[in-house]
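The values are calculated or read from the model by the stated rules, or taken from the named source; none is laboratory data. Given the structure is predicted, the values throughout are model-derived calculations rather than measurements. All Cβ positions, even for glycine, are placed from backbone atoms using ideal geometry, and neighbour counts span all protein chains on display.
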Amino acid sequence: MKKLLLSAFIIILAPKADAQTPCDKIEFNNDEVRGFKSYTTPIDINSPNMVYINKIIEPNKKPQYYIHFRVNEPLGKVVNGAYIILENGKRISRPNEEINLEIDNEDSDGITHFGYKQGVSIQLTAADILLLKSSPIAKYAISYLTETVYNSKELNQMFQCLLMKN
């Protein structure tokens, strides 16, 4: 009986063999209707805001990379511009990037929200990709709001994997 309890205890404490690596978390979509494939990093559910990166592969074209950000904003005030600040201090700036605004009235958490969500999708250039490969994202700014990226190291690992996906 003691052996059985000890075995059960060891099994409970042993690390799971099926634990996901950052690369395993990337989602794949094969859109047969429109003829392209895409890979997307998951959204960090522990973050109050949304950050994800995706790669779109169309036949006979270079892959396209996009980074998406969203923030909650109480007033509905929009000032165009998006900025990415890396942990190494370098920046990606898009001062003229158009910001999307939508009314936030979700009550999925049991609370009715009265405010707005601001979002932006930035197509990454080759220079942007090199910068993002060199360092995790520390913060991003949309309009006049700045947010911290809480899963920056994992997001950077997923981005490195995304670059290798075909």
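Among residues that are surrounded by fewer than 17 Cβ atoms within 10 Å (Cβ to Cβ), without any contact (Cβ under 8 Å) to a residue 12 or more places away in the chain and in a loop (DSSP other than H, G, I, E, B), N96 is not included. The residues listed here are N100, N96, N105; of these, the one that is modelled with pLDDT under 95, polar (S, T, N, Q) and within 24 Å of E27 (Cβ to Cβ) is N100.
May I ask you to verify whether G81 is at pLDDT 85 or above, among the small types (G, A, S) and surrounded by 10 or more Cβ atoms within 10 Å (Cβ to Cβ)? When the stated conditions are applied, G81 passes them. Taking the criterion of being touching a Gly at 6+ places or on another chain (Cβ under 8 Å) and among the acidic types (D, E), would at least one residue in region 107-121 satisfy it? No, because not a single residue in region 107-121 is touching a Gly at 6+ places or on another chain (Cβ under 8 Å) and among the acidic types (D, E). A search for C-beta distances below 7 Å between a residue of region 113-142 that is among the small types (G, A, S) and any residue that is part of a loop (DSSP other than H, G, I, E, B), counting only pairs 6+ apart in sequence or on different chains, returns G115/P74; S134/N88; S135/E87; S135/N88; S135/K90; A138/E87; A138/V149. Taken as a whole, the condition of being assigned to a strand (DSSP E or B) and either under 16 Å from C23 (Cα atoms) or touching a residue at least 40 places away in the same chain (Cβ under 8 Å) (or both) does not apply to Y150. You will find that of K37, K90, K61, the residue that is in contact with a helix residue (DSSP H, G or I) (Cβ under 7 Å, 6 or more places away or on another chain) and closer than 22 Å to T125 by Cα is K90 and no other. Restricting the search to region 55-80, which residues are in a loop (DSSP other than H, G, I, E, B) and under 26 Å from S38 (Cα atoms)? Matches in region 55-80: E58, P59, N60, K61, K62, P63.
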